[in-house]
Amino acid sequence: MRTKKAKKKILIVDDERDIVKALTIRLQSKGYQTVVAFDGVQGVFMAHKERPHLIILDIRMPAGDGFSVAEKLKESKSTCNIPIIFLTGSPEVNAEEKAFAIGARFYIKKPYDPEELLDAIERALRSKHQKS
């Protein structure tokens, strides 16, 4: 169906290991390469180290919430163009508005529909017009 030269790399930043594991299995089965981080500081570090094509980011985590992670990534020349999808169970009232204000491409609530997430990933990767 589509020709793939190199696997697209996705960074998953979430402190819930079961969710990270499920996402990793699902994304790898769809042909994506995955790298993971379990807190905000590690997420920023991995984004700079691995230069992923896309980041899936939780909001409520230790060592820096998803909003501060996204803000740090948007401030850096090397990571500012990486699309971010927030995948979160955050009960915060204005979380969705805040996510889009920071520059998120999509905001998906947990528990999530795996097909909705895969569709969002594909759309975010398609809409990215930059050279890696």
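The values are calculated or read from the model by the stated rules, or taken from the named source; none is laboratory data. Quantities reported herein were computed from a predicted structural model and do not represent experimental measurements. Positions of Cβ are backbone-derived with ideal geometry, glycine not excepted, and every protein chain shown enters the neighbour counts.
Of the helices (runs of 4 or more DSSP H) lying entirely inside region 11-88, those containing at least 1 residues that are at pLDDT 95 or above and touching a Gly at 6+ places or on another chain (Cβ under 8 Å) are 40-50, 66-75. Of the residues making up region 13-61, those that are on the phi < 0 side of the Ramachandran plot and either of a type in the set (G, A, S) or free of Cβ contacts under 8 Å to residues at least 12 places away in the same chain (or both) are D18, K21, A22, I25, Q28, S29, A37, G40, G43, F45, A47, K49. If the condition is being assigned to a loop (DSSP other than H, G, I, E, B) and either touching a residue at least 60 places away in the same chain (Cβ under 8 Å) or under 26 Å from D18 (Cα atoms) (or both), then region 106-132 contributes K110, P111, Y112, D113, K128, S132.
If you filter region 89-105 down to residues that are in a loop (DSSP other than H, G, I, E, B) and not β-branched (V, I, T), you find that the one that is surrounded by the most Cβ atoms within 10 Å (Cβ to Cβ) is A104.
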